[in-house]
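What follows is calculated from the coordinates using simple rules that are stated; it is not laboratory data. Since we're looking at a predicted model, the values are computed, not measured. Backbone-built Cβ (ideal geometry, glycine too); neighbour counts: all protein chains shown.
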Amino acid sequence: MTATTTAPGTTARRASEPAAVRHRRFRLPFSAWHVLLAPLAVLFAVPLLWLLLSSVMSNAEINRFPPALWPSGIDLGGYRYVLGNAMFPRWLMNSAIVSAVAVASNLVFGALGGYAFARMRFRGSRVLLVLMLATMAVPFQLTMIPTFLVMKKLGLIDTLGALIVPSLVTPFAVFLLRQFFLSLPRELEEAAWIDGCSRLRVLWAIVLPLARPALATVAVLTFLTTWNDLTWPLIAINHDTQYTLQLGLTTFQGQHHTRWSAVMAGNVITVLPVLLAFLVAQKAFIRSVTSSGLKG
């Protein structure tokens, strides 16, 4: 009879195999983070769902106590009231003009400023960068009155120019694009310089095509901030023909009576462009935040 020799660790490995198999069998098909993130996503979606449901309720249902959680029927009276308002198309156009100009100017001036701080070394560049970043820590409430006085001196009060000029470029746009430009290899630009390209040509032909994620992020965040702004238009605009959409919606709220169905319907219409803009640029937004945070 031939004796069979068993390695010392073989028995232990065989004993542990069923446990490993069972562990693999009961492994979750998704990340454990989803268990935490899914309830949070539902929590953040509840106000949006409530806004949508309330927009198709009647004023009686919205004002009822306790409030109705589900509409008894679809009532489009709020949408008819909003879309039937003679000034609503004008408010929508004003918001679109202000937001489009702010997005375009932030992309242009933010790219120029960000590239200068990232690649050009000149006397006082560090000090200017620190001073620019320091302005991000100043609350708008402190600069509100000086900004109003400047706009008044320029004769822009009660015009769309008063909303556009303060938003032409923001320190955040310059800083975010600078951070993204720092993550790009210098060799690409040096090769273009050898071929005789100027700095502007390098920026336009080499750098900006690579910076599309950062540009998309700047565009989305600038659009979101400008489109949803209410405080500054409330101060700088007096005539209803110059109202933005956010400011125009406040006219649906009276001192003694508020048409909540119209307010909810107007907010749904206002939120839609923001959601569409974010969904379109979602992947670019995530790539930009990841890349621009690599270097300080």
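Phi angles of the range 166-183 translate, via the Karplus equation with coefficients 6.51, -1.76, 1.60 and θ = phi - 60°, into HN-Hα couplings of x, 10, 4, 8, 10, x, 5, 5, 5, 5, 5, 5, 4, 4, 5, 5, 5, 7 Hz per residue; Gly and Pro are given as x. A full extension of the chain between Leu224 and His257 corresponds to an added length of 8.9 nm, given 0.36 nm per residue minus the alpha carbon distance. In this calculation the C-beta distance from Ile145 to Leu52 is compared with R0 = 45 Å, giving a FRET efficiency of 0.75.
Residue-normalised convex hull volume from the C-alpha trace of the range 176-223: 65 Å³ per residue. Each Lys and Arg Cβ is given +1 and each Asp and Glu Cβ -1; about its Cα centre, the range 153-217 then shows a dipole of about 140 debye. What the Cβ-Cβ distance of His239 and Leu275 gives, at R0 = 30 Å and to the nearest 0.05, is a FRET efficiency of 0.50.
If you plug the beta carbon distance of Val138 and Leu112 into 1/(1 + (r/R0)^6) with R0 = 22 Å, you get a FRET efficiency near 0.45. Full extension of the chain between Leu210 and Leu131 yields a length gain of 25.7 nm, computed as 0.36 nm times the residue separation minus the alpha carbon distance. Each label was represented as a point 7 Å from its Cα along the Cα-to-Cβ direction; for Leu36 and Leu69 these points are 2.8 nm apart.
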